[in-house]
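Here's the structure we're looking at; comments come further down.
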Amino acid sequence: MGAGASIPATEEEAKAAGFTDEQIAEYKARKRTIIILFGPPGSGKGTQAPRIVEALETPQLSTGDMLRAAVAASTEVGKKADEVMKAGALVDDDLVAAIIKDRIAADDCKSGFLLDGYPRTVGQAEKLDALLKESDESVSMVLRLCVPDEDLEQRICGRWIHQASGRSYHASNKKPKSLGDGAEPSPENMLDDETQEPLMQRKDDTKEALVERLKGYHEMTTPILDHYKAVVKEVDAAKAPEEIGPQIDEHVAAFKPAAAPAEAAPAAE
Ligand code: AP5
């Protein structure tokens, strides 16, 4: 199914477009592909997510990005989340669950979605399961990016982001073109390759906040691996990005979309 292909929104529309009852029944019986991209801060979730989005043609839903957007827009949610996030702590379960509930009901999640950074506690996992159960669905796969803690400080503290696009760079692993050899990274020489706009560092990308983020990850987040143990797949993400991609592709291949009725030829008149 191409990104631009339109799936009839209702059964009536599908019938009007010429789909047979069998095609409609088969499509209705399909469950959404729901993947959780799991890993500690800096493990590469944001780096690898576009690969899965492209393969499955489903959106990446990052609760971190959604919360940062809320903070930037000074919404009520953003005001509640700002200080908590800066300190590297976790935002309230109910608040994040409410954001996700609304988001996964959107039209672009019709065939599935990739959760990045959610659920992060067993409480959030239980809320997600209960929500999915309402539509007789469940999590299809938890893709776990395994990276030892000692690799993460270098990744997190060297990360620079282009805020408008979300493009992510690193002061030594993935330099922007503007950073000359041997130069000390600064807002003046860390510029987005495409727009030449200044890059920024996240407020929680500090050594101090990382200690808190990792504490939260080990104490509150890793227990969800046991919760989903039947569907967890592991990836060795301590390697270079080009060695991680093929491992991800292998696990994702099982969920690649087959031809949907929208692609199948409508029944002959
Ligand atoms: P969130 O935005 O989700 O942050 P995170 O989980 O800490 O993950 P990061 O975005 O920091 O790392 P990443 O794994 O995406 O790594 P990346 O690919 O960028 O959450 C932020 C905060 O929001 C939380 O602390 C919490 O307060 C709140 N929050 C969010 N969701 C919540 C929830 N569900 N409940 C409660 N609170 C919530 O890579 C990092 C760097 O490493 C980059 O510079 C990259 O270039 C580099 N890199 C990537 N891969 C490699 C590699 N293989 N080798 C070398 N360098 C690499």
- prompt: At D151 and E243, where each label point lies 7 Å from the Cα along Cα→Cβ, what is the point-to-point distance in nanometres?
  reply: 0.8 nm
statement: Once phi for every residue in the stretch 71-84 is put through the Karplus expression 6.51 cos²θ - 1.76 cosθ + 1.60 (θ = phi - 60°), the whole-Hz ³J(HN,Hα) values, with Gly and Pro written as x, are 5, 4, 8, 6, 6, 4, 4, x, 5, 5, 8, 3, 5, 4
task: Run the accessible area of the stretch 121-269 with a 1.4 Å probe and give the carbon-and-sulfur part as a rounded percent.
output: 51 percent
message: Taking the Cα centre as origin and putting +1 on Lys and Arg beta-carbons and -1 on Asp and Glu beta-carbons, what dipole magnitude results for the chain, to the nearest 20 debye?
response: 400 debye
query: So which aspartates and glutamates pass the test for K127, namely a Cα distance under 18 Å, with those fewer than 8 places away in the same chain ruled out?
result: D92, D93, D94, D102, D116, D136, E137, D226
From phi via Karplus (6.51, -1.76, 1.60), per-residue ³J(HN,Hα) for the stretch 152-167 in Hz, x at Gly/Pro: 7, 4, 4, 5, 5, 6, x, 7, 10, 10, 8, 4, 5, 9, x, 4
message: Is the C-alpha gyration tensor of the chain telling us rounded, prolate or oblate? Criteria: a/c under 1.5 is rounded; beyond that, a/b larger than b/c is prolate, otherwise oblate.
response: prolate
field: In degrees, nearest ten, helix 45-56 long axis to first principal axis of the chain (Cα)
entry: 20 degrees
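What accessible area per residue comes out for the chain, rounded to a whole number of Å², with a 1.4 Å probe?
Roughly 53 Å² per residue, with all protein chains present.
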- line: Simple spin-label estimate for Q163/K207, 7 Å along Cα→Cβ, in nm, reads 2.6 nm
Virtual spin-label span in nm between T20 and V122, 7 Å along Cα→Cβ: 4.9 nm
message: Sequence gap at least 6, Cα distance under 8 Å: using those rules, report the relative contact order of the stretch 37-157 to the nearest whole percent.
response: 43 percent
field: Burial order of peptide ranges 236-242, 61-67 (average beta-carbon count within 10 Å, highest first)
entry: 61-67, 236-242
task: Rounded, prolate or oblate: pick one for the stretch 168-266, where a ≥ b ≥ c are the square roots of the eigenvalues of its C-alpha gyration tensor, a/c under 1.5 means rounded, and failing that, prolate if a/b is larger than b/c, else oblate.
output: oblate
message: Within the stretch 191-221, list the residues whose amide N lies under 19 Å from a label point set 7 Å along Cα→Cβ of K177.
response: 191-200
- prompt: Given H placed on each backbone N at 1.01 Å, which residues far from L115 in sequence or on other chains put an amide H within less than 5 Å of it?
  reply: I35, I36, L37, L61
query: Which ³J(HN,Hα) values, rounded to whole Hz and listed in residue order, are derived for the stretch 202-211 from phi using the Karplus coefficients 6.51, -1.76 and 1.60 in 6.51 cos²θ - 1.76 cosθ + 1.60 with θ = phi - 60°, glycine and proline given as x?
result: 5, 5, 9, 8, 10, 4, 5, 5, 4, 4
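What number comes out for the charge environment of E126, summing +1 per Lys or Arg and -1 per Asp or Glu over other residues with Cβ under 14 Å away? Display every interim value, and only then the final one.
Numbers: positive: K101, R120, K127, K133; negative: D93, D94, D129, E134, D226.
Here the charged neighbours net out to -1.
The values are calculated or read from the model by the stated rules, or taken from the named source; none is laboratory data. Since this is a predicted model, take the numbers as computed values, not measurements. Positions of Cβ are generated from backbone atoms using ideal geometry, with glycine treated the same way; all protein chains shown enter the neighbour counts. Accessible surface areas use protein heavy atoms only, side chains included; no ligands, DNA or RNA. Shrake-Rupley method; radii C 1.70, N 1.55, O 1.52, S 1.80 Å.
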